[in-house]
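For reference, the structure discussed in these notes is given below.
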Amino acid sequence: MSFKYFMPTQVESGNGISNKTGELIKELGAARVLIVTDKGVRAANLLEGIEKSLQAVSLDYEIFDDVEPNPSAETIRRAIDYLKEHNSDAVLAVGGGSSIDTAKAIALMAKNPGDILDYEGVGKIINPPLPLIAIPTTAGTGSEVTNSTVITNKETSFKLAVLSSYVYPKLAILDPALTLNLPQGITASTGMDALTHAIESYTSKAASPISQALAIQAVKMIGENLTKCYFVGTDIEARENTLVASLMAGAAFAQSRLGNVHAISHTLGGVFNIPHGFANAALLPFVMKFNLPACAEQYKDIAVALGNDVSGLSTIEAAKKAIDTVIEMNKSMNIPLNIQELGVSLEYLPKLVQDSMRSGNVLINPRLTKAGDIQSIIEKAYYGNLEETEAGDIPQPKIPSLI
């Protein structure tokens, strides 16, 4: 049982705690802060209390609000120029995963040579970044406690990951009050993103007892609270539990990596600019069905964590309850049950397979995965077909070569 565990991020959590952001950043020794966010967060006035807290302790700040979904290398370059123009010495991310990933890349590239695209892969960052503080407004990506940032190269339509111990934020501030007014669609997609993190982390070949403990508790908390967040919205306890669960899932997969869902969903995001959470949610049942022979015991655990009574069932029957529950959660929150409805086109299937196989997540997926398996998963997810079929069994559309 050999494993490593490293999570250096300080976590401060509580209802209304974002109003103490200035005090917490001041303790890090910063004087000039760059706030990285998107126009939606700014328009929703989620920065108001945070800005007042910065002003109260005389911290200078500027705001970069050009973050887009699936953040691009071009945006990173413009933001770095903006940071240098204002001589900022700390970066504060306020928003969802895109804002936090953008802020991570900015903090890194403020102290490292070259371009963010030069650092694809594991352990390539040379110098420590500027201090990074992350305040998630969704629950969520868990990016506030992870060692990775995902950036889109628009020239190749590929989402690449940069992983390093330097990528961890210094401080994560969890304030459920910032998530109270999320639209239902964002609540659903980000919540299912967190559930995907927890499930893939729990079943990863690289999982450890610590990551699995975090992951299975995150599954339980999301199962108990996400639909309350979706249907009630203003239940602050449910919002807080889901936000904490999202962080726990992030802390888990920072150690264990993920699996085939993320290998494929990152590819779909790069080619079709699909929101990451919706891509994960739609793909999750199909990847779980593929992985079932390799991790039935773990799926049984997940089924129980999601509230199923598995008394008297075989391990496989109990494991299938986990898949059924994920499908029902998607249905109840109006998430598409196939990726065709998200805008995926099989015209790009060769590229989708090639780019998915490029992901390191394939290597630690619980079931050995080949290119034909990825193709089969994509095709089944496209047609909404969960039947037992092996790679290549589905009738093949006529697909033009992209070479």
(message) Under a crude label model (7 Å from the Cα following the beta-carbon direction), how far is E68 from E48 in nanometres?
(response) 3.0 nm
(request) Quick one: dipole size for the chain, taken about the Cα centre, charges +1 on Lys/Arg Cβ and -1 on Asp/Glu Cβ, in debye to the nearest 20. (result) 600 debye
(message) Assuming 0.36 nm per residue, please report the length gained on full extension of the stretch F231 to N385 beyond their Cα-Cα distance.
(response) 52.6 nm
(request) Using 0.36 nm per residue of separation minus the Cα-Cα distance, give me the extension gain between R358 and S311 in nm, one decimal. (result) 12.9 nm
(message) Averaged across orientations, what area in nm² does the convex hull of the alpha carbons in the chain project?
(response) 18.7 nm²
(request) Kindly flag which residue pairs out of K289/K380; K4/K205; K289/K320; K20/K220 have an alpha-carbon separation exceeding 19 Å in this structure. (result) K20/K220
(request) Would you kindly give the portion of the calculated P(r) for region 221-368 that falls above 20 Å, as a percent of all Cα pairs? (result) 55 percent
(request) Would you work out the relative contact order for region 10-179, in percent, from Cα pairs under 8 angstrom that are 6 or more residues apart? (result) 28 percent
(message) In whole Hz and in residue order, list the ³J(HN,Hα) couplings for region 256-271 that follow from phi through the Karplus curve 6.51 cos²θ - 1.76 cosθ + 1.60, θ = phi - 60°; x for Gly and Pro.
(response) 9, 6, 10, x, 5, 4, 6, 4, 7, 5, 4, 5, 4, x, x, 7
(message) Can you find, among Q184, A79, N260, the residue sitting farthest towards the positive end of the charge dipole of the chain, where Lys and Arg contribute +1 and Asp and Glu -1 at Cβ?
(response) N260
(message) Restricting to Cα pairs below 8 Å that are 6+ residues apart, what does the relative contact order work out to for the chain? Please round to a whole percent.
(response) 14 percent
(message) Quick check: the angle from helix 276-291's long axis to the longest principal axis of the chain, C-alpha only, nearest 10 degrees?
(response) 30 degrees
(request) Would you mind finding the longest exposed-site-free stretch of the chain, with exposed GluC sites (Glu not before Pro) meaning DSSP loop and at most 15 other Cβ atoms within 10 Å? (result) 156-386
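Where does each of D60, D309 land when they are ranked from fewest to most other beta-carbon atoms within 10 angstrom?
Working: D60 15, D309 10.
So the ranking, lowest neighbour count to highest, is D309, D60.
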(message) With the crude spin-label approximation of a point 7 Å out along Cα→Cβ, what separation in nm comes out for A56 versus K84?
(response) 3.6 nm
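Read the figures in this text as sums done on the coordinates, not as results from a lab. In this text, all values refer to a predicted model and were calculated from it rather than measured experimentally. Because the Cβ atoms are built from the backbone with ideal geometry, glycine has one as well, and the counts that use them run over all protein chains shown.
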